[in-house]
Amino acid sequence: MSNKSLISITDFTKDEYLKIMRLAEDFEANPNQNLLHGKVIATLFFEPSTRTRLSFETAINRLGGKIIGFSDSSSSSVSKGETLHDTIRMVSNYADMIIMRHPMEGSARYASEVSSVPVINAGDGANQHPSQTLLDMYSIIKTQGSLDNINLFLVGDLKYGRTVHSLLMAMLQFENPIFNFIAPPELSMPNEYKIYLTSKGIRYFEHLEFTDIINAADIIYMTRVQKERFIDPVEYEKVKNIYILRNEMLKNTKENMKILHPLPRINEIHTDVDSNPKAYYFTQAKNGVFTRMAIISHLLNLK
Ligand code: CP
């Protein structure tokens, strides 16, 4: 069995991204396949989740595998003081793969170093969320027909939003991406990403508002302000309502433009957008099942 983990989106090559897209398409067409029969997968969620955990668990069920794990670490021996090292060593004795979400940046990489089985990072603090990125890419390719020449508007919490960091790094592998970053100064894209883009000669633009430029977007990727990452609650209060996308703002947008959001949303997309055909976020979440089936199959080399 393969021992390849998925910790950062940059762990995969462009060819692997495209393979995942093809596999996801196959699984969407035929969602019940017994490829994981006899295998046990552990889902360890040290932080809350709805979509990531349940779509991974749906993916495992659809592939015929069995699931162990916890959705609340207070019900595990972590609450007695067991270290992440010991938890991962133990669980890798029980399962064929570990899917883990943890609040600490770097925890997933560390887990992969002590685990004897592949680890999938289901989100490590504000760092990376690579399976979300692959489902975002699947959503883009399904709706735009390509991952090349995409004008991507990233809106909201670009500082703490791990999904935008992973998506940016992945889209760099494709032709002619244009990035528009819409964020207040307190939540702007971290400098290391901007420096990296500049070093690669990739265009990016920063804006405080986007109403006047929204018509250029192929994809508007809205994000939630990540309350749980703020040290000072007063700072969160200042920015929590900074952007709210409303239906009236969409009237002159491109015909095929789609609105993505990793979800959960708080108020950054008004509910009056939900019935607009350009609202794609609930289908995007559904795409997560097929994409995660593809990721598991690829990492475990399931035939
Ligand atoms: N998109 C996402 O990670 O959602 P959950 O936090 O519900 O898993």
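Largest GNM mean-square fluctuation among 284, 128, 226, using the chain with Cα springs under 10 Å: 226. Over all pairs of different C-alpha atoms, region 130-285 has a mean inverse distance whose reciprocal, the Kirkwood radius, equals 15.7 Å.
Based on the Cβ-Cβ distance from residue 251 to residue 229, what FRET efficiency comes out when R0 is 35 Å, to the nearest 0.05? Working shown, then result.
On the way: r = 34 Å, r/R0 = 0.97.
That gives a FRET efficiency of 0.55.
For region 212-271 and region 97-165, compute the distance between their C-alpha centroids and round to whole Å. So the two Cα centres are separated by 19 Å. Once the Cα atoms are used to define both axes, helix 130-144 deviates from the longest principal axis of the chain by about 50 degrees.
For the chain, the Kirkwood radius over C-alpha pairs fed into Stokes-Einstein at 25 °C and 0.890 mPa s yields D = 124 µm² per second.
Quick one: of the DSSP bridges fully inside the chain, what percent are antiparallel, nearest 5? Present the calculation step by step, with values, prior to reporting the outcome.
Values: 1 of 34 bridges.
Bridges in the chain that DSSP calls antiparallel: roughly 5 percent.
Counting only alpha carbon atoms, the long axis of helix 162-171 and the longest principal axis of the chain meet at about 80°. Close Lys pairs in region 130-285 (alpha-carbon distance under 19 Å; sequence gap of 8 or more, or different chains): 12.
With helices as the sole contributors, the chain gives -11000 deg cm²/dmol at 222 nm; each DSSP H run of n ≥ 4 counts as -39500 (n - 2.57), and the sum is divided by every residue. Taking 172, 158, 134 in turn, the Gaussian network model of the chain (Cα-Cα springs below 10 Å) assigns the largest fluctuation to 172. For region 153-303, the relative contact order comes to 23 percent (Cα pairs under 8 Å, sequence separation of at least 6).
When the chain is described by a simple charge dipole with +1 on each Lys and Arg Cβ and -1 on each Asp and Glu Cβ, the residue from 103, 24, 243 located farthest towards its positive end is 24.
Averaging 1/r across all pairs of distinct Cα atoms in region 1-91 and inverting the result yields a Kirkwood radius of 15.3 Å. Couplings 3J(HN,Hα) for region 205-219, derived from phi with the Karplus relation 6.51 cos²θ - 1.76 cosθ + 1.60 (θ = phi - 60°), are 9, 10, 9, 8, 10, 9, 4, 7, 10, 4, 5, 7, 6, 8, 9 Hz, where x marks Gly and Pro. Highest GNM mean-square fluctuation among 64, 125, 81, for the chain modelled with Cα contacts below 10 Å: 81.
In a fully extended conformation the segment linking residue 32 and residue 66 would gain 10.8 nm over its present Cα-Cα distance, using 0.36 nm per residue. Placing +1 on the Cβ of every Lys and Arg and -1 on the Cβ of every Asp and Glu, with nothing else charged, gives region 130-285 a dipole about its Cα centre of roughly 220 debye.
At the residue level, residue 105 shows approximately 110 square angstrom of accessible surface with a 1.4 angstrom probe and all protein chains present. Projecting the Cα atoms of 152, 164, 282 onto the dipole axis of region 130-285, where Lys and Arg carry +1 and Asp and Glu carry -1 at the beta carbon, places 282 farthest toward the positive end. What does the net charge come to around residue 251 if you take all other residues with beta carbon closer than 14 Å to its beta carbon, with K and R at +1 and D and E at -1? Local charge sum for residue 251: -1.
Modelled this way, with points 7 Å down the Cα-to-C-beta line, the labels at residue 116 and residue 213 are 5.3 nm from one another.
Going from most exposed to least, what order do 274, 136 have by accessible area with a 1.4 Å probe?
Putting 274, 136 in descending order of accessible area: 274, 136.
Residue separation of residue 16 and residue 274 scaled by 0.36 nm, minus their Cα-Cα distance, works out to 89.6 nm of gained length. For residue 66, the lysines whose Cα falls under 18 Å of its own Cα, not counting residues fewer than eight places away in the same chain, are 39, 303. The gain in end-to-end length when the residue 240 to residue 144 segment is fully stretched comes to 31.5 nm, 0.36 nm per residue minus the alpha carbon separation.
Apolar share of the accessible surface for the chain: 49 percent from carbon plus sulfur atoms, 1.4 Å probe.
Once a ≥ b ≥ c are taken as the square roots of the eigenvalues of the Cα gyration tensor of region 158-230, is the result rounded (a/c under 1.5), prolate (a/b larger than b/c) or oblate (a/b not larger than b/c)?
Numbers: a/c = 1.62, a/b = 1.18, b/c = 1.37.
Here region 158-230 falls in the oblate category.
The values are calculated or read from the model by the stated rules, or taken from the named source; none is laboratory data. On a predicted model such as this, the values are computed, not experimentally measured, just so you know. Please note: Cβ atoms are built from the backbone with ideal geometry, for glycine as well, and neighbour counts cover all protein chains shown. What goes into the accessible areas is simple: the full protein's heavy atoms, side chains included, and nothing from ligands, DNA or RNA. Shrake-Rupley method; radii C 1.70, N 1.55, O 1.52, S 1.80 Å.
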